[in-house]
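Data block below; observations after.
No lab work stands behind these numbers, since they all come straight from the coordinates. Note that the coordinates shown come from a computational prediction; the quantities given were computed from them, not determined experimentally. Here Cβ is always computed from backbone atoms with ideal geometry, including for glycine, and neighbour counts include all displayed protein chains.
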Amino acid sequence: MIFNTHTHLNDLQVEDIEALIKNAIDNNVTHMAVVGSDYNTSLKALEIAKSHDNIYAVCGLHPSDSEQFVGNSDIFLDLINDSKTVGIGEIGLDYHYENTNKEKQKYYFETFLKYACNIKKPVIIHCRDAYLDTYELLEKYHKNLDGIILHCYSGSVEMMQRFLKLGCYISIAGTVTFKNAKEIKEVVKYVPLDRLLVETDDPYLTPVPYRGHQNQPAYVTFVVSEIAKIKEMTFDEVANITFTNALKVFHL
Ligand SMILES: [Zn+2]
């Protein structure tokens, strides 16, 4: 069995969602976390989770969405507190685009970290071109956090070593299958087995050999295969260890 820890099925039409879940299960991807990026997508993630066994929700405010957010973020608390919500995310920092409002991103990142400290559910971190600031805030809160997942990790091995000391899990996405993904392949080589998770981040970031097509939860099998190759393990060994890790971090 495989646990895909990060899918955005909630970004798709209902008819497609059911077909993709079926295809995932047919490929032994039995468990998934559907991740929200704002209020509406978090709500939809929870709806999907509530209507399927072994599918769980992660609710939060993505850094890029936080820039447009108006109102009181406490509206997320009902979603976050739901028993089918296993984590808080995706939250974090994304400095990739010019003119990002770093202060606003940091404000909401910190707000959700505080929720996580109170509610005691793990945080799912989106971090792009902002590893140092992300590290600083996680360092500040990690002692009171219940678990930290760095989703679609794309940083260096050195940075990973620092995050591991904070207790972070490293979630690997389809980008590891890309030919030029030297750094991520290095990360996979060195990440301890008890901190490793797998995901697709679908419908984005389609792995090889389906580049050019829409990504889907079942394709996490290509991530597992690539990791198995790099770590010189069997497919089943990687599937089993990442499954066990996901159950542990999500308290399932
Ligand atoms: Zn995502």
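Which of the residues spanning segment 46-70 are more than 26 Å from ALA130 (Cα to Cα) and under 15 Å from the mean Cα position of the chain (by Cα)? Give the steps one after another, and end with the answer.
Residues of segment 46-70 that are more than 26 Å from ALA130 (Cα to Cα), as a first pass: 46-56.
Within segment 46-70, ILE55, TYR56 meet the criteria.
Name every residue in segment 60-98 that is away from the ligand (no atom under 16 Å from the Cβ) and of a type in the set (D, E, K, R), in order of residue number.
Selection gives GLU67, ASP74, ASP78, ASP82, LYS84, GLU98.
Could you please find all residues in segment 8-60 being among the acidic types (Asp, Glu) and crowded, with 17+ Cβ neighbours inside 10 Å? I'd like the intermediate steps shown before the answer.
Kept after step one, since they are among the acidic types (Asp, Glu), are these residues of segment 8-60: 11, 15-16, 18, 26, 38, 47, 53.
Of everything in segment 8-60, those that are among the acidic types (Asp, Glu) and crowded, with 17+ Cβ neighbours inside 10 Å turn out to be ASP11, ASP38.
Select from segment 209-252 the residues that are out of contact with any helix residue (DSSP H, G or I) (no Cβ under 6 Å at 6 or more places or on another chain), part of a helix (DSSP H, G or I) and among the acidic types (Asp, Glu) and write down the one among them that is surrounded by the most Cβ atoms within 10 Å (Cβ to Cβ).
Of everything passing the filter in segment 209-252, GLU237 is surrounded by the most Cβ atoms within 10 Å (Cβ to Cβ).
Being within 26 Å of ASN245 (Cβ to Cβ) and within 16 Å of the ligand (Cβ to nearest atom) is true for just one of ALA24, ALA45. Which residue is that? I'd like the intermediate steps shown before the answer.
Values: ALA24 fails: within 16 Å of the ligand (Cβ to nearest atom).
Checking each option against the conditions leaves just ALA45.
(1) surrounded by fewer than 23 Cβ atoms within 10 Å (Cβ to Cβ); (2) within 16 Å of the ligand (Cβ to nearest atom): which one isn't true of LYS179, the others all being true?
LYS179 satisfies every listed condition except (2).
Given the criteria more than 16 Å from the ligand (Cβ to nearest atom), within 30 Å of LEU43 (Cβ to Cβ), of a type in the set (D, E, K, R) and crowded, with 19+ Cβ neighbours inside 10 Å, does LYS140 qualify? Write out each step before concluding.
On the way: more than 16 Å from the ligand (Cβ to nearest atom): yes; within 30 Å of LEU43 (Cβ to Cβ): yes; of a type in the set (D, E, K, R): yes; crowded, with 19+ Cβ neighbours inside 10 Å: no.
In short, no.
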